[in-house]
Amino acid sequence: MKEERSTAAKVILIGGAPFSGKSTVARLIACELGYGCSSADAIGQALRATTTPESHPELHPMRGEDHREYCDNRPLDAMMMDAHRSHEAMWPAIEAIIGAHATWSHPIVIEGWALWPDRVAAIELPVIASLWLIGDDQVLEARIRANTDHHAGASDEEAMMRAYVSRNAAYNARLAEAVARLGLPAIRVDGETSPQDLSDLCLSANR
């Protein structure tokens with residue numbers, strides 16, 4: 001096991017659509033390797049806490065609106081563009097953290113849907129590995145609907161869920177295309193493979 005661990009990249013990036021299992025898989029990989037674990041979402045929260053919608057509108061696409069009403073009221077194309085702009089604005093901070101862990105700080109697993117294949121592929125550091133979870137759309141929808149805390153309280157819960165599911169499916173499709181185009185390692189999330197098995201597959205792909 002020690003020999004296997006020594007071959008792992010110093011920074012492992014786990015990308016995928018929301019509800020694809022990134023957080024769980026990242027924690028399992030970090031535990032297996034003895035790495036730290038962090039989330040691109042946490043980086044985004046820190047950036048939003050130190051900026052305002054006026055100073056950095058791209059980091060605040062909801063502009064204080066409740067996420068449930070935002071999903072209800074925003075067209076799909078606009079939500080996709082909001083996410084793209086927000087992730088693009090977050091990227092310099094994410095890339096700086098990746099660089100720090102790749103060069104002098106401790107090894108780490110970073111997960112998040114703000115990670116995008118083209119941006120990650122442009123980082124020319126051999127100690128970085130990326131792994132991408134491509135979810136089955138029906139599995140992702142089932143997980144979204146099962147997470148009642150996410151949509152409870154919306155003025156129209158079904159409309160909110162449909163909008164969120166549509167955005168997830170669109171993002172998932174674009175992610176799959178980008179990963180295939182760049183020839184990056186991807187793992188299909190089919191709802192039958194356990195998180196531990198997904199973690200093991202990710203580790204196998206990284207060795």
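What follows draws every value from the coordinates through simple rules; no lab data is involved. Keep in mind that this is a model prediction, so the values were computed, not measured. Note that each Cβ is placed from the backbone with ideal geometry, even for glycine, and that neighbours are counted across all protein chains shown.
For the chain, the mean residue ellipticity at 222 nm estimated from helices alone is -17500 deg cm²/dmol, where every DSSP H run of n ≥ 4 contributes -39500 (n - 2.57) and the total is divided by all residues, rounded to the nearest 500. Here the 3J(HN,Hα) profile of the range 64-73, calculated from phi with Karplus coefficients 6.51, -1.76 and 1.60 at θ = phi - 60°, is x, 6, 4, 4, 5, 6, 4, 5, 5, 9 Hz, Gly and Pro shown as x.
Annotation: amide H-H contacts under 5 Å for GLY135 (H modelled 1.01 Å from N, sequence separation of 5 or more, or interchain): ALA17, VAL189.
Rounded to the nearest 0.05, the FRET efficiency derived from the C-beta distance between LEU182 and MET81 at R0 = 35 Å is 0.95. Simple spin-label estimate for ASP197 and ALA46 gives 3.6 nm between the two label positions (7 Å along the Cα-to-Cβ direction from each Cα). Comparing the chain with the 2.2 N^0.38 Å rule of thumb, its C-alpha radius of gyration ratio is 1.03 (two decimals). In the range 55-130, a dipole from Cβ-located charges (positive for Lys and Arg, negative for Asp and Glu) runs towards its positive end, and of PRO107, ALA93, PRO61 it is PRO107 whose Cα lies farthest in that direction. Loop-located GluC sites (Glu not before Pro) in the range 112-206 (DSSP state other than H, G, I, E, B) with a sparse environment of at most 11 neighbouring Cβ atoms within 10 Å: GLU124, GLU192.
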